[in-house]
Every structure is written in C-alpha cells, then in structure tokens.
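Trainee: Attaching a single structure in structure tokens format; questions to follow.
The values are calculated or read from the model by the stated rules, or taken from the named source; none is laboratory data. If you're wondering where the values come from, they're calculated on a predicted model, not measured in any experiment. Glycine also receives a Cβ, built like all others from the backbone with ideal geometry; neighbour counts cover every protein chain displayed. Keep in mind that these areas ignore ligands, DNA and RNA; they rest on the heavy atoms of the full protein, side chains included. Shrake-Rupley method; radii C 1.70, N 1.55, O 1.52, S 1.80 Å.
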Amino acid sequence: MPIRPARRITDTSPKNFGMFAKAVGRTGDLIHLELGMPAEDTPQHIKDATIAALQRGAVHYSDLQGLPELRSALADKLRRQNKLDVTADNVLITNGLTQGSFAAFMAFLDHGDEALLLAPYYPQHIGKAELAGAKVTIAPLDAENGFSINRALIEPHITSATRAIALINPCNPTGRVYTRDELQVIADLAQEHDLLVISDEVYEEITYDATHISIASLPGMKARTISMFAFTKAYAMDGWRLGYVVADSDLMGPLMKITTNEVTHVNTFIQHGALAAVTGDPSILAGMVARDRTRRDLVIGRLNQMPGVTCATVEGTIYAFPDITATGLTAQNCADRLLEEIGVVVEAGSFYGDAGEGHLRVCFGCAEIDVLTDAMDRMQRFFNGL
C-alpha cells in the first residue's frame, strides 16, 4: 500500500509554472520571455566578497537571524530609503523572498483563516497560504482603471475570517508602482478590519516613472506589516536565493520559529556577498536599472505598434503587461500560439487570475537588446497576420 502524503499536499493547489512548463525541454529556436530571470550577471564585487568570505573560513554556523553586520547595513538602508523606523533586530535574512513569504503565511495564518490577494496576483502566494491551512480569496482590480487600488473593489471581499492581505508593490505582473493614496486605501482597510499586510517589495529598486513607497512607513502600519525584500532582481542574484524580511519585534518571533525550524539560518558566506551589494558603489545598481529602462522602452514601443495590442507604460518591475483584447484571442490561446508559431514564450495574463485575462506578461528584463528585438520582430509578424 503506498504511503499517503499529508492532506496539506493532496488538498492544496499544485504549483503551476505556466508557459515555462510548456516550453521546457522543447528544441528549436525559442526566445524565453516568460521567466523573471535577470539578463545581467551578478556584479563582480559581490562575487569577490563572497569568494573572499569563503576562503577566509566563513563556512560555519552563524547568527540564526542573519549576520549582524548585514542586518545593520540593511537597517541603515531601510531607514534612509524606505523611511522605516527599524533596527537590525527588525531584519531577518531569508533564502530569497520566497522563504520570507512562506514564513509569513505559516506564522500568521491558521486553518480556516482567509488571505486576500489583489488580482492580477502572484500565483505562488496561493500555495503558501493553502499550506498554512488558509483559504485564498481574490479581489479583482480593474484593467480599465489601470489596475489601480480601489476600496470599492477590495472591501466586499473582506470577511470575518480574513486575516491578511498580500500586496505586491511594484506589482508583478502589471508593472504598477502604487501611489501613496493607493497604499493608504490598503492601510485604512488593514487598520479598520485588523488585518496583517504581507508586502512583497522585491522590485523596489527597479522603478522608472514612479517612486516606490513601503506601506509599513505609513502611519499605524509598522506593527501590522511584514515587508519582504530580496537581492534577486535588482542585483541579478536570483540563483543565490537571498532575501530579507522586515517586521516589528512582536512579529519577528513567530517568523523565526518557522525559519529556524525550516533551515536554521541562511548560508553564511553568501551573506558577505549581500553585504557587498548593500554597501557597494550605487552606480552599479543604477546602471543595471538604466539598462532595464532601455529594454522597457524598446519592448513597450514595439508592442504598441502591433495591431490589436496596446501596452501601458511600465512604472516598475521588468514586465510589460500588454492588452490583446482587440485581437479576439484569449490570453492562453495567444500565448500558446506565440510559442507554437513563432517560438516566443510569454506568459498568459490569465495565469495571474481572471483579472489578467486579455493580457500577456512579457519579461523584458531577462534578455539583451538584440534578443528582445528578434522577439518583437517575430511578434509583429504574428499580430500582423491575424
């Protein structure tokens, strides 16, 4: 008789990798614009600091919360840049933002609780909430209003069981960077309904035409917000699996109960690389973001030349979210045809919930200009032929 998996495995949604799963293993001339994987290499000074730490013997157990010097540097950055009133004790180093968000859901959601996601949402948050025993509810935002945060669209989905609301700012997949007024809507709802805000801010450094604001900096929000960051996107460190969580002291204990049972602490020597990233020459990060801006401008400009396609300006992140409604194709059918007919892999907007229907998510940050130009040429031919 086969061993039965735990119900938390069998009774929850399977993890879905969308178009990546359809394209993986295929041969031929494919252009992959479906994954949020930076095109840049990790900057050399970060590698050098990591290698030096490894060579000098930083290979043993270290602080369960993360290297004190790294947490101190991050606290300095958070006070200066994010306007958060924090110390090193409010910072927890994690294996990427993924582990940070898993810890947040596991530490603060019980069986029967509800977690509210704004759609288009980040699909991987669903599985984490369900593994914690919670139910996910969805508040669809309005494409015609630029997927802006609107109280009237969110509050009806809050019930007596709602315990937390997940926020992604800057937003994957829409490319929105929420204004202070929009964040105040979430803050008001959180305080009125006694909700925890789990704030994914992995793209905070990658903004173009807007200023990122951490919701925990708003009045009354520090004590009820878990802010999550990572080195993944801005520093092209996706394979390093390195991030950090910022939380008030009352929230840190429950978070650490999850992380210390799960992994004890993050790899010691790579944290020295993270320290080099935070304290290094800021022009290196600025250069990487400038190159992402060039990629963005190319892709948005080209998408808006294609018949039946319109694409709003991307304020932040490395994704364009073009509207293809006028083509008459569903998002999934369009993504499938782009893969099959021209070898360009993009994600269907419906992968991010029903609110994303009629859109595609095109990652411009994962490829160099010549590759992006080739992809846009192929897509131009496809849409011209419809």
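Trainee: Looking only at the range 185-204, how many residues end up being touching a helix residue (DSSP H, G or I) at 6+ places or on another chain (Cβ under 6 Å) and touching a residue at least 60 places away in the same chain (Cβ under 8 Å)?
Mentor: Residues in the range 185-204 being touching a helix residue (DSSP H, G or I) at 6+ places or on another chain (Cβ under 6 Å) and touching a residue at least 60 places away in the same chain (Cβ under 8 Å): 3 in total.
Trainee: Next up: Among the residues of the range 105-124, which ones are of a type outside the set (F, W, Y) and either more than 18 Å from I186 (Cα to Cα) or open to solvent by 10 Å² or more (accessible area, probe 1.4 Å) (or both)? Working first, answer last.
Mentor: Here is the first cut: in the range 105-124, the ones of a type outside the set (F, W, Y) are 106-107, 109-120, 123-124.
Within the range 105-124, M106, A107, L109, D110, H111, G112, D113, E114, L118, P123, Q124 meet the criteria.
Trainee: Can you tell me which residue among D194, D292, D297 is farther than 19 Å from P43 by Cα and in a helix (DSSP H, G or I)?
Mentor: D297
Trainee: Name the residues in the range 330-384 that are within 15 Å of I318 (Cα to Cα), of a type outside the set (D, E), touching a helix residue (DSSP H, G or I) at 6+ places or on another chain (Cβ under 8 Å) and not in a helix (DSSP H, G or I), would you?
Mentor: Within the range 330-384, V346, L360, R361, V362, F364, G365, A367 qualify.
Trainee: Condition first: touching a residue at least 40 places away in the same chain (Cβ under 8 Å), closer than 13 Å to G343 by Cα and within 25 Å of the chain's Cα centre (by Cα). Now tell me which residues in the range 10-35 satisfy that.
Mentor: Correct list: M19, F20, K22, A23, L30, I31, H32, L33, E34.
Trainee: Of the residues that make up the range 259-282, is at least one at positive phi and in contact with a Gly (Cβ under 9 Å, 6 or more places away or on another chain)?
Mentor: no
Trainee: Residues G253, G273: which one is without any contact (Cβ under 8 Å) to a residue 12 or more places away in the chain and assigned to a helix (DSSP H, G or I)?
Mentor: Being without any contact (Cβ under 8 Å) to a residue 12 or more places away in the chain and assigned to a helix (DSSP H, G or I) holds for just one of G253, G273, which is G253.
Trainee: Out of (1) modelled with pLDDT of 95 or more; (2) surrounded by 15 or more Cβ atoms within 10 Å (Cβ to Cβ); (3) not in a helix (DSSP H, G or I), what's the single condition that is false for D85?
Mentor: Every listed condition holds for D85 apart from (2).
Trainee: Mind listing whichever residues of the range 300-318 are part of a loop (DSSP other than H, G, I, E, B), among the small types (G, A, S) and within 20 Å of the chain's Cα centre (by Cα)? Outline the logic, then answer.
Mentor: Start the filter on the range 300-318 by keeping residues that are part of a loop (DSSP other than H, G, I, E, B), which leaves 304-309, 311-315, 317-318.
Those still in the list that are among the small types (G, A, S) too: 308, 312.
Selection gives A312 alone.
Trainee: If you don't mind, there's one more thing I want to ask. When residues of the range 305-331 are filtered for being open to solvent by 30 Å² or more (accessible area, probe 1.4 Å), touching a Phe, Trp or Tyr at 6+ places or on another chain (Cβ under 8 Å) and free of Cβ contacts under 8 Å to residues at least 60 places away in the same chain, how many remain?
Mentor: 1
Trainee: How about the range 266-300: which of its residues are open to solvent by 20 Å² or more (accessible area, probe 1.4 Å) and hydroxyl-bearing (S, T, Y)?
Mentor: T279, S283, T294
Trainee: Looking for whichever is hydrophobic (A, V, I, L, M, F, W, C), more than 30 Å from L167 (Cα to Cα) and surrounded by 23 or more Cβ atoms within 10 Å (Cβ to Cβ) here; the options are L338, L360, L372. Which one fits?
Mentor: Exactly one residue qualifies, and that residue is L338.
Trainee: Now for a different question. How many of the residues in the range 13-22 are part of a loop (DSSP other than H, G, I, E, B) and open to solvent by 80 Å² or more (accessible area, probe 1.4 Å)?
Mentor: 4
Trainee: Then there's this: Restricting to the range 1-25, name every residue that is among the basic types (K, R) and at pLDDT 80 or above. Walk me through it before giving the result.
Mentor: Here is the first cut: in the range 1-25, the ones among the basic types (K, R) are 4, 7-8, 15, 22.
Listed by number, the residues that qualify are R4, R7, R8, K22.
Trainee: Oh, and also: Filter the range 206-233 for residues that are within 20 Å of A277 (Cα to Cα), in contact with a helix residue (DSSP H, G or I) (Cβ under 6 Å, 6 or more places away or on another chain), in a loop (DSSP other than H, G, I, E, B) and not polar (S, T, N, Q) and give the result. Break it down stepwise before answering.
Mentor: Of all residues in the range 206-233, those within 20 Å of A277 (Cα to Cα) come to 206-207, 212, 227-233.
Within this subset, residues satisfying the condition of being in contact with a helix residue (DSSP H, G or I) (Cβ under 6 Å, 6 or more places away or on another chain) are 206, 227-228, 230-232.
Narrowing the set further to residues that are in a loop (DSSP other than H, G, I, E, B) leaves 206, 231-232.
Scanning the range 206-233 gives I206, F231.
Trainee: Which residue pairs have Cβ atoms under 6 Å apart, sit 6 or more places apart or on different chains, and have a first residue in the range 135-152 that is farther than 18 Å from A164 by Cα and a second that is aliphatic (A, V, I, L, M) and not in a helix (DSSP H, G or I)?
Mentor: Close Cβ pairs (under 6 Å, with a partner that is aliphatic (A, V, I, L, M) and not in a helix (DSSP H, G or I)) amount to F147/L141.
Trainee: For V59, work out the one condition from (1) closer than 28 Å to M252 by Cα; (2) in a helix (DSSP H, G or I) it doesn't fulfil.
Mentor: Tallying (1) closer than 28 Å to M252 by Cα; (2) in a helix (DSSP H, G or I), V59 fails exactly one: (2).
Trainee: Are any residues in the range 77-116 among the charged types (D, E, K, R) and closer than 23 Å to V266 by Cβ, and if so, which ones?
Mentor: If the condition is that a residue be among the charged types (D, E, K, R) and closer than 23 Å to V266 by Cβ, then K77, R79, D89 are the ones that fit.
Trainee: Filter the range 23-56 down to the residues that are open to solvent by 90 Å² or more (accessible area, probe 1.4 Å) and among the basic types (K, R) and list them by number.
Mentor: Scanning the range 23-56 gives R26, R56.
Trainee: I'm trying to understand the selection: among the residues of the range 205-233, which are touching a residue at least 40 places away in the same chain (Cβ under 8 Å), open to solvent by less than 10 Å² (accessible area, probe 1.4 Å) and within 14 Å of N169 (Cα to Cα)?
Mentor: Correct list: I206, S214, I215, I226, S227, M228, F229.
Trainee: L70: over 21 Å from the mean Cα position of the chain (by Cα) and either at pLDDT below 95 or farther than 30 Å from F269 by Cβ (or both), yes or no?
Mentor: no
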